[in-house]
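A.B. asks: I am attaching a structure below and will ask some questions about it afterwards.
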Amino acid sequence: MERIAEEPAALPNPWRTTGSRHVYANPWIRVREDQVVRADGSPGIYGVVAFQNLALGAVPLFADGSTVLVGQYRYTLDTWSWEIPEGGGDPARGAVEEMGRELREETGLVARSWTPLGELHTSNSVTDERALLFLAEDLEQHDAQPEPSEQLLRWRLPFDQAVAMALDGRVTDALSVAGLLRAADVLRRRREA
């Protein structure tokens, strides 16, 4: 019979690591291969991609109910992608400060109000990447300052349209889908309060 628990974090780790070796590292990621004893007792290997930075994403919301998506070519997928403003932040610095830097860099926006939208693990079967999401409001427009290597498009559209794109698959980036849906929930709760 399958064991069901109310709080999975309270359960013991059924895996055992017997060895580990670093395979690759660059300024963004480290790859390691662990020798393990799996939950069923069989030996195996497990590859882990460890991220050097904290993933950050923000849903900018203007007073008129519009938002901004950023379009960029994603090399790994060989396609363009519409996303919320996002990027990597130094885990030793404040997440809001780092996301504010990314928001200004990609869109030129400066937010005076930040609402946390929670944490996200982007692909927890192969990576330890941790993401923090925010709703950014009370916005002031400045010039965008993208990195020289970035070619970005910006699209200001109704927030509800961006949410619809997350729901129907036109937005596929995990941080963007989660950020838009969580922001929609926060706004719904505000209206109901």
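The values are calculated or read from the model by the stated rules, or taken from the named source; none is laboratory data. From a predicted model like this one, the values you see are computed outputs, not experimental measurements. For neighbour counting, all protein chains shown are included, and Cβ atoms are generated from backbone atoms with ideal geometry for every residue, glycine included.
A.B. asks: Go through Ala166, Ala162 for me and flag whichever is touching a residue at least 40 places away in the same chain (Cβ under 8 Å) and outside any loop (DSSP other than H, G, I, E, B).
C.D. replies: Selected residue: Ala162, the only one of Ala166, Ala162 that is touching a residue at least 40 places away in the same chain (Cβ under 8 Å) and outside any loop (DSSP other than H, G, I, E, B).
A.B. asks: Right, here's the next one. Is the stretch 33-54 home to any residue that is at pLDDT 95 or above, touching a helix residue (DSSP H, G or I) at 6+ places or on another chain (Cβ under 8 Å) and farther than 17 Å from Leu152 by Cα?
C.D. replies: Within the stretch 33-54 (the criterion being at pLDDT 95 or above, touching a helix residue (DSSP H, G or I) at 6+ places or on another chain (Cβ under 8 Å) and farther than 17 Å from Leu152 by Cα), the answer is yes, since at least one residue qualifies.
A.B. asks: Criterion first (within 30 Å of Ala136 (Cβ to Cβ), among the aromatic types (Phe, Trp, Tyr) and part of a strand (DSSP E or B)) does Tyr73 satisfy it? Working first, answer last.
C.D. replies: Numbers: within 30 Å of Ala136 (Cβ to Cβ): yes; among the aromatic types (Phe, Trp, Tyr): yes; part of a strand (DSSP E or B): yes.
Considered against the rule, which asks whether it is within 30 Å of Ala136 (Cβ to Cβ), among the aromatic types (Phe, Trp, Tyr) and part of a strand (DSSP E or B), Tyr73 comes out as yes.
A.B. asks: Return the residues of the stretch 122-149 that are of a type in the set (Val, Ile, Thr) and in contact with a Leu (Cβ under 8 Å, 6 or more places away or on another chain); say none if nothing qualifies. Spell out the reasoning first.
C.D. replies: Kept after step one, since they are of a type in the set (Val, Ile, Thr), are these residues of the stretch 122-149: 122, 126-127.
Thr122 - this is the single residue of the stretch 122-149 that is of a type in the set (Val, Ile, Thr) and in contact with a Leu (Cβ under 8 Å, 6 or more places away or on another chain).
A.B. asks: Let me ask you something else. Could we say that Leu139 is crowded, with 16+ Cβ neighbours inside 10 Å and more than 16 Å from the chain's Cα centre (by Cα) here? Don't jump to the end; show me each part of the working.
C.D. replies: Details: crowded, with 16+ Cβ neighbours inside 10 Å: yes; more than 16 Å from the chain's Cα centre (by Cα): yes.
Answer is yes for this residue.
A.B. asks: Then there is this: Select from the stretch 100-120 the residues that are buried (at least 20 other Cβ atoms within 10 Å of the Cβ) and either closer than 21 Å to Pro148 by Cβ or of a type in the set (Phe, Trp, Tyr) (or both) and list them in ascending order.
C.D. replies: Narrowing the stretch 100-120 to residues buried (at least 20 other Cβ atoms within 10 Å of the Cβ): 100, 103, 106-107, 109, 111, 117.
If the condition is that a residue be buried (at least 20 other Cβ atoms within 10 Å of the Cβ) and either closer than 21 Å to Pro148 by Cβ or of a type in the set (Phe, Trp, Tyr) (or both), then Gly100, Leu103, Glu106, Thr107, Leu109 are the ones that fit.
A.B. asks: Suppose we filter Pro116, Pro148 for residues that are outside any helix (DSSP H, G or I) and out of contact with any strand residue (DSSP E or B) (no Cβ under 7 Å at 6 or more places or on another chain); which single one remains? Walk me through it before giving the result.
C.D. replies: On the way: Pro116 fails: out of contact with any strand residue (DSSP E or B) (no Cβ under 7 Å at 6 or more places or on another chain).
Unique residue meeting the criteria: Pro148.
A.B. asks: Shifting gears a bit: Assess whether Val171 counts as being in a loop (DSSP other than H, G, I, E, B), at pLDDT 95 or above, buried (at least 18 other Cβ atoms within 10 Å of the Cβ) and of a type outside the set (S, T, N, Q).
C.D. replies: yes
A.B. asks: Here's a follow-up. Please go through the stretch 42-64 and give me each residue that is surrounded by 11 or more Cβ atoms within 10 Å (Cβ to Cβ), touching a Leu at 6+ places or on another chain (Cβ under 9 Å) and more than 13 Å from Glu102 (Cβ to Cβ), ordered by number.
C.D. replies: Answer for the stretch 42-64, where residues must be surrounded by 11 or more Cβ atoms within 10 Å (Cβ to Cβ), touching a Leu at 6+ places or on another chain (Cβ under 9 Å) and more than 13 Å from Glu102 (Cβ to Cβ): Leu61, Phe62.
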